[in-house]
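The values are calculated or read from the model by the stated rules, or taken from the named source; none is laboratory data. If you're wondering where the values come from, they're calculated on a predicted model, not measured in any experiment. Positions of Cβ are generated from backbone atoms using ideal geometry, with glycine treated the same way; all protein chains shown enter the neighbour counts. Protein only, heavy atoms only, side chains kept; ligands, DNA and RNA dropped before computing areas. Shrake-Rupley method; radii C 1.70, N 1.55, O 1.52, S 1.80 Å.
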Amino acid sequence: MVRPEKLEAVKRLQEKLSAAKGIYFADYQGLDVAQATDLRNRCREAGVEFEVVKNTLLERAVTDDLREAALPTLNGPTALATSTEDEIVPAKVISDFMKEFKKPTLKGGIVDGKFMGEAQTQLLAMLPSREILLGKFAGGLKP
């Protein structure tokens, strides 16, 4: 029998995933308490929500069309980094933190309804911010 708490947790995760523009899965294993607190603070400052989730609940919360692609990344300790404002900010925050502490690692993500693997999320994290890209584009149009 399914417990009501688990159903509520899955429903909450589904709402969070549907509202998010950028969703990233990270392996937080090896972070000590101070590093985890620092990462959470950096995420909060950037408007990113970072939380540890159970893989089984996350598997149920991911939409059917993405479930098969996401299943291989949902093993071991998983943290969920989401942003409702920007698709790339969660990856950038985690990537910048990784440069400093070598942990956590990005396992994958969902951007614009498409699943991306570890390599693709790393590439997204290296992109300049939206404002910088728009500035470069506007500068390129200038005669």
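Return the residues of region 3-19 that are open to solvent by 90 Å² or more (accessible area, probe 1.4 Å) and touching a residue at least 60 places away in the same chain (Cβ under 8 Å); say none if nothing qualifies.
Passing the criteria: none in range.
Can you name every residue in region 20-68 that is closer than 19 Å to Val10 by Cβ, in contact (Cβ under 8 Å) with a residue 40 or more places away in the chain and part of a strand (DSSP E or B)?
Ile23, Phe25, Val53
Report whether or not Ile88 is under 23 Å from Glu131 (Cβ atoms), surrounded by 15 or more Cβ atoms within 10 Å (Cβ to Cβ) and not charged (D, E, K, R). Before you say what the answer is, go through the steps one by one.
Working: under 23 Å from Glu131 (Cβ atoms): yes; surrounded by 15 or more Cβ atoms within 10 Å (Cβ to Cβ): yes; not charged (D, E, K, R): yes.
Taking the combined requirement at face value, the residue satisfies it.
Just checking, how many residues over region 115-143 are of a type outside the set (A, V, I, L, M, F, W, C) and within 13 Å of the chain's Cα centre (by Cα)? So that I can check it myself, show each step before the final result.
As a first pass, look at region 115-143 and keep what is of a type outside the set (A, V, I, L, M, F, W, C): 117-118, 120-122, 128-131, 135-136, 139-140, 142-143.
Imposing the further condition that a residue be within 13 Å of the chain's Cα centre (by Cα) reduces the set to 117-118, 120-122.
Residues flagged as of a type outside the set (A, V, I, L, M, F, W, C) and within 13 Å of the chain's Cα centre (by Cα) within region 115-143 amount to 5.
Could you please give the count of residues in region 104-143 that are among the polar types (S, T, N, Q), part of a helix (DSSP H, G or I) and either closer than 20 Å to Ala46 by Cα or at pLDDT below 85 (or both)? Full working, then the answer.
Initially, region 104-143 is screened for residues among the polar types (S, T, N, Q), giving 105, 120-122, 129.
Restricting the remaining residues to those that are part of a helix (DSSP H, G or I) gives 120-122.
In the following step, the residues that additionally are either closer than 20 Å to Ala46 by Cα or at pLDDT below 85 (or both) were identified as 121-122.
Count: 2.
If I filter region 61-85 down to residues being crowded, with 17+ Cβ neighbours inside 10 Å and of a type outside the set (Ser, Thr, Tyr), which single residue comes out as nearest to Pro104 (Cα to Cα)? Don't jump to the end; show me each part of the working.
Our first condition is that a residue be crowded, with 17+ Cβ neighbours inside 10 Å; within region 61-85, this holds for 61-62, 70, 73-74, 78-83.
Applying the additional criterion that residues be of a type outside the set (Ser, Thr, Tyr) yields 61-62, 70, 74, 79-81.
Working: Ala61: 23, Val62: 22, Ala70: 18, Leu74: 15, Ala79: 9, Leu80: 12, Ala81: 12 Å.
This residue is Ala79.
Kindly list, by first and then second residue, each pair from a residue in region 76-92 that is closer than 16 Å to Ala36 by Cβ to a residue that is surrounded by fewer than 21 Cβ atoms within 10 Å (Cβ to Cβ) and aromatic (Phe, Trp, Tyr), limited to pairs with Cβ atoms under 9 Å and residues at least 6 apart or on different chains.
Pairs that qualify, where the first residue is closer than 16 Å to Ala36 by Cβ and the partner is surrounded by fewer than 21 Cβ atoms within 10 Å (Cβ to Cβ) and aromatic (Phe, Trp, Tyr), are Pro77/Tyr28; Thr78/Tyr28; Ala79/Tyr28.
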